[in-house]
Amino acid sequence: MPEPIAAAIAANRFGLGARPGELALIGADARGWLRAQLRGPPEVLAAAELRSSAQILAQALALRREVQLQRKVATSSGAADEPAAQRLPQLLRPIYSAEVSARLRQAVSTARPFIERLTQFWTNHFAISIEKHFLAGLAGSFEREAIRPHVLGSFHDMLLAAETHPAMQLYLDNYLSVGPHSSVAERRMRREILELHTLGVGGGYTQQDVTTFAQVLTGWSIGGEGARFGGGEPGRFVFRPELHEPGAKVVLGRRYADEGFEQGAAVLRDLAHERTTARFIATKLARHFIADEPPPQAVVRLADVFARSGGDLPSIYGALIDERAAWLEPLAKYKTPADYVVSSFRGLEVPIETDRVSLAPFEVLGQRTWQPGSPAGWPDRSADWDGAAALMKRIQWADAVGARLGSHRDALQLASQWLGGNLSAATRQAVAHASSAAQALTLLLAAPEFMRR
């Protein structure tokens, strides 16, 4: 493959979009540029305004208790309770805005965009949504605490961190789950860990496996006053033995002794090392980095590395970099709205200073940060994003950006710096002959090759 095209694939498909000068930096060693990003610890997303999940949730639980008391008083006195009802959203909205801004700032400025894309891939794999109670305040800290520290580690460690995180406990309602023969008789069963996080749909499990696995996870909860059951450190994961369904369990043909929390941890450990899990994760990675319909042999090769390495993520990423199919078809993937916004901001080197810059484009284009439509996360195929109405929104947004920044940017120069060998003669000519600087930038942002990666 010609060097300019390989550099463009590395920056735009494996990365988050080329910044000015980045394609020149990549040069002739696109694979080496990606491998270098796998060395060293993951980047820590730090800002003074970002707090831990435990701090946020402890405050939110205490505030909910106050609100409930205020509502009781309001009901008994006949007074309106609207001010009390607004206190939780008033607490959580600024936290959400700060987290989104920090995340976008990192994506736009990082020199390790491959790692950042992988972080966002795994956050979408272990999807939660801000639509659920408290999660507007916890979605960002979930990514910072459960995903980022493990993105260069093992799949098992990330799986355990994600499933035990308070945000996932809340999202899947597992903190409410108790065994049918425990001291509190109630049952809530969840398929998401099997169907969405490990084995995949049709992954060889039965309804009995789902039922038994739900029992295994009973007693996994969140500590703190205001939680349904008291005890435990406020805002942190806690195992409540009194709510755990007692006895040995059989999941996927394996017997697990009743060892409290360790029973669930052992099931997760085995799920992480299942060959079916390896194939499911390999398919998702290949779809994200190669094509909507990934080549079967590429999936097999990635799954083999997953299985042989015990789910070592850098080994899998290395195999993905080496996968010939990932470099054969330039522009094979249509950008999601989030990809489109981030790549635009990286290319334009837009400073992320206000919540409006961080929030508005994603909402306008239909991919609000941490708000997928289901626990399956955001879809990853062109057909889910390339409709006429969605395309028109992108063009309108591009027009607004062109009007605001066009006079401060050289669109023709940027075209080569962003797209490299993927820049078509038609787009180059259109940008060069635009009637104004604003129109030139709009045409570049709306170019078919910029819409793809």
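The values are calculated or read from the model by the stated rules, or taken from the named source; none is laboratory data. Treat the numbers as computed from the prediction; the structure is a model and nothing was measured. Quick reminder, even Gly has a Cβ in these numbers, built from the backbone with ideal geometry, and neighbours come from all protein chains shown. Surface accessibility is based on the protein's heavy atoms, side chains included, excluding ligands, DNA and RNA. Shrake-Rupley method; radii C 1.70, N 1.55, O 1.52, S 1.80 Å.
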Considering residues of the stretch 1-19 that are in a loop (DSSP other than H, G, I, E, B) and within 26 Å of the chain's Cα centre (by Cα) only, the residue surrounded by the fewest Cβ atoms within 10 Å (Cβ to Cβ): R19
Test: residue in the stretch 40-60 that is assigned to a helix (DSSP H, G or I) and among the β-branched types (V, I, T): yes
Conditions (1) open to solvent by less than 60 Å² (accessible area, probe 1.4 Å); (2) closer than 21 Å to G318 by Cβ; number of the one not met by A47: (2)
Complete set of residues in the stretch 47-63 that are under 23 Å from T354 (Cβ atoms) and in contact (Cβ under 8 Å) with a residue 12 or more places away in the chain: A47, E49, L50, R51, I56
Elements of type strands (runs of 3 or more DSSP E) in the stretch 213-322, at least 1 residues being open to solvent by 10 Å² or more (accessible area, probe 1.4 Å), in contact with a strand residue (DSSP E or B) (Cβ under 9 Å, 6 or more places away or on another chain) and farther than 30 Å from L38 by Cβ: 237-239, 249-251, 254-256
Where a residue in the stretch 367-396 is within 23 Å of A447 (Cα to Cα) and its partner, wherever it lies, is basic (K, R), with Cβ under 6 Å and at least six apart: D380/R287
Qualifying residues in the stretch 339-368 (those that are hydroxyl-bearing (S, T, Y) and under 19 Å from G15 (Cβ atoms)) - the one farthest from the chain's Cα centre (by Cα): S344
Residue under evaluation D380, criteria (1) assigned to a helix (DSSP H, G or I); (2) under 30 Å from Q169 (Cβ atoms); (3) in contact with a helix residue (DSSP H, G or I) (Cβ under 9 Å, 6 or more places away or on another chain); (4) at pLDDT 95 or above, criterion not met: (1)
Helices (runs of 4 or more DSSP H) within the stretch 392-453 that include 2 or more residues open to solvent by less than 20 Å² (accessible area, probe 1.4 Å) and of a type in the set (A, V, I, L, M): 411-419, 437-445
Residue within the stretch 83-93 that is surrounded by fewer than 18 Cβ atoms within 10 Å (Cβ to Cβ) and among the polar types (S, T, N, Q) present: yes
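Only one of A127, A146, A111 is hydrophobic (A, V, I, L, M, F, W, C), outside any helix (DSSP H, G or I), open to solvent by less than 10 Å² (accessible area, probe 1.4 Å) and within 29 Å of F289 (Cβ to Cβ). Can you tell me which?
From the options A127, A146, A111, the qualifying one is A127.
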